[in-house]
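A.B. asks: Just passing along the structure, written as structure tokens.
The values are calculated or read from the model by the stated rules, or taken from the named source; none is laboratory data. Everything numeric here is computed off the predicted structure, so don't read it as measured data. Positions of Cβ are backbone-derived with ideal geometry, glycine not excepted, and every protein chain shown enters the neighbour counts.
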């Protein structure tokens, strides 16, 4: 049991000892995570790392952009007259589209571990609107049986407890943000960025040594150093130096670590990609990318990165928007076809094979291409065979011969 836990009533109490707010054990209460690199990593500072911003945006925007639909289990058709269909496909409320809400809640889960939205119902109990809630104002509580409830802190003061059926809840893996789990790697990336910024602020050159023939006191050394940085640091680097009093400047060559600095930065991008379970090429780290493995990593992004998030969204929608009786005949599904349409030639070949096998009609293929249906396009017959065709009429000249 940690000392902080005992202070808040968990475990054995401390005897004549307290924890101040500057104690490292209290940092977690405020979302501050000190790391070995000396950088403070929060969900705000982490987004300043381009690799983190790219990973968070890629997952949240893709989850928001993919359409979700309500289907009948037997007929496999979309149920558009159900109130849940409008909330998951069209708009969550009059000022927020369904795509915007999914993107916002996925972003909350990626940055802070959880995303919440309150379900607003009609007097008959049917879902009418979904309203996002600030994750910082919501705490999760469970009863002895494990059933969750949500204590929400209101803006005007006070609290309200909502049952699990009234809160759309999407959480990250383990209930912890990838930013929290990978704070050491993110902190190292921030420290490397700061080091590189300082390096180039000095003209992209290593430090040097100014030698003076006489022994200087502390004030004299500081004046010489300040004068040198003023005239030869930052944008002034590379200029001609004029030294007097017999002084000499000796440049310090770069170390082996400086030579490998770029590789270290690329490795941090890979570390962040591992934390978010995104292929490195999706974060534009193409040092090992080829035509073949980049295409394969794109498929892995769908199956290994997005699929768990889409499954969580499907389960969350089902839990709060469908009654137990409706779940037996209806289901929510994310349509991922848009992610598989980048290769037009492969898509055309797949549609042709489905059409010739009698799996899809012409109108279903046209619907996939966002084209209007045709009156004769509802047949499953194979258009590539001549079965049932009439025999071509003979040549009249043949009869004369």
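A.B. asks: Going by the structure shown, is residue 365 in a helix (DSSP H, G or I) and in contact with a strand residue (DSSP E or B) (Cβ under 8 Å, 6 or more places away or on another chain)?
C.D. replies: Judged against the criteria, residue 365 is not a match.
A.B. asks: Name, by its number, the condition in (1) more than 17 Å from residue 322 (Cβ to Cβ); (2) buried (at least 22 other Cβ atoms within 10 Å of the Cβ) that does not hold for residue 94.
C.D. replies: The one condition residue 94 does not meet is (2).
A.B. asks: Would you be able to tell me the number of residues in region 103-128 that are outside any loop (DSSP other than H, G, I, E, B), under 16 Å from residue 313 (Cα atoms) and within 12 Å of the chain's Cα centre (by Cα)?
C.D. replies: Adding up the residues that qualify gives 8.
Yes or no, residue by residue, for (1) at pLDDT 80 or above; (2) under 15 Å from residue 36 (Cβ atoms); (3) in the same structural domain as residue 139 (by TED's automatic domain parsing):
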position: 168; (1), (2), (3): yes, no, yes
position: 177; (1), (2), (3): yes, no, yes
position: 184; (1), (2), (3): yes, yes, yes
position: 189; (1), (2), (3): yes, yes, yes
position: 192; (1), (2), (3): no, yes, yes
position: 211; (1), (2), (3): no, no, no
position: 214; (1), (2), (3): no, no, no
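A.B. asks: While we're looking at this one, here's another question. Hey, among 332, 359, which residue is part of a strand (DSSP E or B), modelled with pLDDT of 85 or more and not assigned by TED's automatic domain parsing to the domain that holds residue 102?
C.D. replies: 332
A.B. asks: Something else now. Just need a number here: residues in region 69-93 that are within 19 Å of residue 126 (Cα to Cα) and touching a residue at least 24 places away in the same chain (Cβ under 8 Å).
C.D. replies: 12
A.B. asks: Shifting gears a bit: Which one of the conditions (1) modelled with pLDDT under 85; (2) in a loop (DSSP other than H, G, I, E, B) does residue 374 fail to meet, given that it meets all the rest?
C.D. replies: (1)
Matching residues to (1) at pLDDT 75 or above; (2) surrounded by 14 or more Cβ atoms within 10 Å (Cβ to Cβ); (3) in the same structural domain as residue 62 (by TED's automatic domain parsing):
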site: 294; (1), (2), (3): no, yes, yes
site: 302; (1), (2), (3): yes, yes, yes
site: 308; (1), (2), (3): yes, no, yes
site: 347; (1), (2), (3): yes, yes, no
site: 366; (1), (2), (3): yes, yes, no
site: 390; (1), (2), (3): no, no, no
site: 397; (1), (2), (3): no, no, no
